[in-house]
Amino acid sequence: MASIPKGERDSFGSSIGVIAATAGSAVGLGNIWRFPYVAGENGGGAFLLIYLGFIMAIGFPVMLTEFTIGRRAQKNALGSFKKLAPGKPWYLIGLMGIVAAFLILAFYSTIAGWTLEYLFQAISDGFNGKSAVELKDSFESFQATPFRPVLWQLIFMFLTGYIVFSGVKNGIEKYTKVLMPILLLLIIIISIRSLSLEGAREGLNFLFKPDFSKITWGVVLDALGQAAFSLSIGMGTLITYGSYIKKTNNLSRTAFQVTAIDTFIAILAGIMIFPAVFAFGIDPAEGFGLVFIVLPNIFEQMVGGYYFAILFFILLAIAALTSTVSVLEVVVAYFSEELNLSRKKATIIGSVAISIVGIFATLSFGPLGKLQLLDKTIFAWFDYLSANILLPLGAIFIVLFVGWYLGKKNVIDELSNGGTLKLKMIGVFMFIIKFLAPIAITAVFIYGLGLI
Ligand code: PHE
């Protein structure tokens with residue numbers, strides 16, 4: 001492995017690498033596990049529509065804004081604000097991002113651990129011959145045990161640390177480039193199988209036929225949170241990744257492509273899951289366990305399902321890994337650049353600290369399940385707080401920072417690569433980040449949290 005010369009920052013090698021790594025961050029359990037379960041709980045079609053609206057009107061502009069900050073400053077999520085706004089409190093946005101990274105990774109690694117258990121089960125042919133009810137029961141008894149889920153979680157955190165440890169180009173970029181396309185192909189194949197199940201139509205209706213009577217401000221806030229979570233925005237992941245993007249890269253194009261890929265995969269995941277949900281008589285509002293109960297059912301019905309199951313869970317684990325890596329990278333880049341730790345030390349300290357918090361999230365499906373506040377377990381709180389509160393809040397401040405503090409001249413300079421690229425719709429973009437996005441997010445917040 002070629003090491004990075006002292007004093008020089010690591011960076012992505014190629015534009016394909018940038019897309020692979022950033023799409024790798026965006027595409028993950030957020031699309032395949034979280035999107036179907038949140039959409040299912042919120043009534044399906046109308047949720048999807050609002051989600052798509054947020055992706056276009058807010059998600060894409062925020063992603064571009066984060067890239068702008070990171071590439072301009074060439075620093076981590078917190079250091080970027082310090083560099084661009086010295087002596088000002090804007091760096092607190094970065095701090096909030098670090099906190100969000102801790103919470104997200106803590107609960108995300110629980111689910112990522114489940115994917116490893118399911119891979120293990122797939123290999124040992126554990127789904128074979130089980131009815132839908134039995135599959136649900138075995139999922140529920142697995143998640144409630146204390147030992148195995150924690151073990152898998154720790155293994156997953158170790159893998160994450162290992163890749164981050166290896167650096168940006170030789171770790172993150174190298175793996176994501178090969179694995180993401182295979183995942184896409186596999187989801188398409190499984191969707192086709194799911195669509196040909198008897199009763200699939202009902203699932204498609206659920207996903208695509210909006211029923212607006214289901215919409216409340218709480219649902220709108222969930223859609224916003226899901227959009228932010230899925231695109232990895234609002235906590236500095238894309239500031240950090242942006243800082244590794246070369247000055248010649250076309251940021252607008254990259255952000256557009258990544259947004260499109262992420263959205264496409266979320267919808268495909270819906271097409272993969274919901275027909276099967278209805279075909280097997282599972283409740284779409286099943287919650288956290290939805291995909292883990294539905295997928296084994298589909299595999300059982302597929303020719304070659306044994307192999308598909310194995311391949312699928314390998315890839316799901318990998319999709320999760322390319323996301324956890326991007327979350328850990330936020331913490332590691334911060335520790336190493338701001339606190340002057342070596343990458344090695346920063347990775348170890350970060351992963352161990354997050355793993356400790358994460359164990360509480362995992363145990364909240366079992367021994368700590370009774371520990372609840374307002375009907376939510378520790379896990380549910382980590383999930384809700386990060387996606388529905390911290391990420392949208394981060395997004396508000398990030399767009400305000402670029403819109404009002406960094407200003408149009410800097411934005412144009414950065415997005416046009418110093419005047420070499422022609423920019424379209426820069427006026428619209430500035431309008432969104434100065435006014436539309438911050439006002440819309442604030443409004444959703446106020447109503448969604450029931451503050452008014
Ligand atoms: N976007 C990732 C996913 O969909 C999760 C994530 C959130 C990653 C926030 C980084 C930051 O799985």
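The values are calculated or read from the model by the stated rules, or taken from the named source; none is laboratory data. The structure presented is a predicted model; accordingly, all values stated were derived computationally and were not measured. Cβ coordinates were reconstructed from backbone atoms using ideal geometry, including for glycine residues, and neighbour counts include every protein chain displayed.
Which residue is modelled with the highest pLDDT, if the candidates are limited to the stretch 7-23 and must be part of a helix (DSSP H, G or I) and either out of contact with any Phe, Trp or Tyr (no Cβ under 8 Å at 6 or more places or on another chain) or more than 16 Å from the ligand (Cβ to nearest atom) (or both)?
The selected residue is 23.
Would you confirm whether any residue within the stretch 290-307 is aliphatic (A, V, I, L, M), within 30 Å of residue 335 (Cα to Cα), within 16 Å of the ligand (Cβ to nearest atom) and touching a residue at least 12 places away in the same chain (Cβ under 8 Å)?
No, the conditions are met nowhere in the stretch 290-307.
In the stretch 57-89, what count of residues is obtained for those that are assigned to a helix (DSSP H, G or I), free of Cβ contacts under 8 Å to residues at least 12 places away in the same chain and not charged (D, E, K, R)?
Qualifying residue count, the stretch 57-89: 0.
Among the residues of the stretch 235-275, write down those that are in contact (Cβ under 8 Å) with a residue 24 or more places away in the chain, among the small types (Gly, Ala, Ser), within 15 Å of the ligand (Cβ to nearest atom) and not in a loop (DSSP other than H, G, I, E, B).
Passing the criteria: 242, 255, 266, 269, 270.
Which condition breaks for residue 383 when tested against (1) at pLDDT 95 or above; (2) within 16 Å of the ligand (Cβ to nearest atom)?
Result: residue 383 fails condition (1) only.
Among the residues of the stretch 105-114, are any among the β-branched types (Val, Ile, Thr), within 16 Å of the ligand (Cβ to nearest atom) and at negative phi?
Yes; the residues of the stretch 105-114 include at least one that is among the β-branched types (Val, Ile, Thr), within 16 Å of the ligand (Cβ to nearest atom) and at negative phi.
Assigned to a helix (DSSP H, G or I), surrounded by fewer than 19 Cβ atoms within 10 Å (Cβ to Cβ) and touching a helix residue (DSSP H, G or I) at 6+ places or on another chain (Cβ under 7 Å): does that describe residue 345?
So residue 345 fails the test.
Any residue in the stretch 353-361 that is closer than 30 Å to residue 75 by Cα, part of a helix (DSSP H, G or I) and within 14 Å of the ligand (Cβ to nearest atom)?
yes
For the stretch 175-198, name all the residues that are over 18 Å from residue 291 (Cβ atoms) and touching a helix residue (DSSP H, G or I) at 6+ places or on another chain (Cβ under 8 Å).
175, 176, 177, 179, 180, 182, 198
Among the candidates 401, 382, which residue alone is under 20 Å from residue 73 (Cβ atoms) and either touching a helix residue (DSSP H, G or I) at 6+ places or on another chain (Cβ under 8 Å) or not in a helix (DSSP H, G or I) (or both)?
401
Can you tell me how many residues within the stretch 308-340 are crowded, with 24+ Cβ neighbours inside 10 Å, of a type in the set (Val, Ile, Thr) and away from the ligand (no atom under 13 Å from the Cβ)?
1
Looking only at the stretch 210-234, count every residue that is outside any helix (DSSP H, G or I) and within 11 Å of the ligand (Cβ to nearest atom) and tell me the total.
Counting residues in the stretch 210-234 that are outside any helix (DSSP H, G or I) and within 11 Å of the ligand (Cβ to nearest atom) gives 4.
I need every pair where a residue in the stretch 29-43 that is in contact (Cβ under 8 Å) with a residue 12 or more places away in the chain and on the phi < 0 side of the Ramachandran plot has its Cβ under 7 Å from the Cβ of a residue that is within 11 Å of the ligand (Cβ to nearest atom) and aromatic (Phe, Trp, Tyr), sequence separation at least 6 or different chains.
29/108; 30/229; 34/229
Looking only at residues in the stretch 396-452 that are farther than 27 Å from residue 96 by Cβ and among the polar types (S, T, N, Q), which one is farthest from the chain's Cα centre (by Cα)?
By that ranking, first place goes to 420.
Tell me, please, whether a residue that is surrounded by 24 or more Cβ atoms within 10 Å (Cβ to Cβ) and either within 14 Å of the ligand (Cβ to nearest atom) or at pLDDT below 95 (or both) can be found in the stretch 364-378.
no
Would the stretch 168-177 turn up any residue that is of a type in the set (Phe, Trp, Tyr) and assigned to a helix (DSSP H, G or I)?
Yes, the stretch 168-177 has at least one match.
Being modelled with pLDDT of 90 or more, buried (at least 17 other Cβ atoms within 10 Å of the Cβ) and either over 29 Å from residue 80 (Cβ atoms) or touching a Lys or Arg at 6+ places or on another chain (Cβ under 8 Å) (or both) is true for just one of 403, 358. Which residue is that?
403
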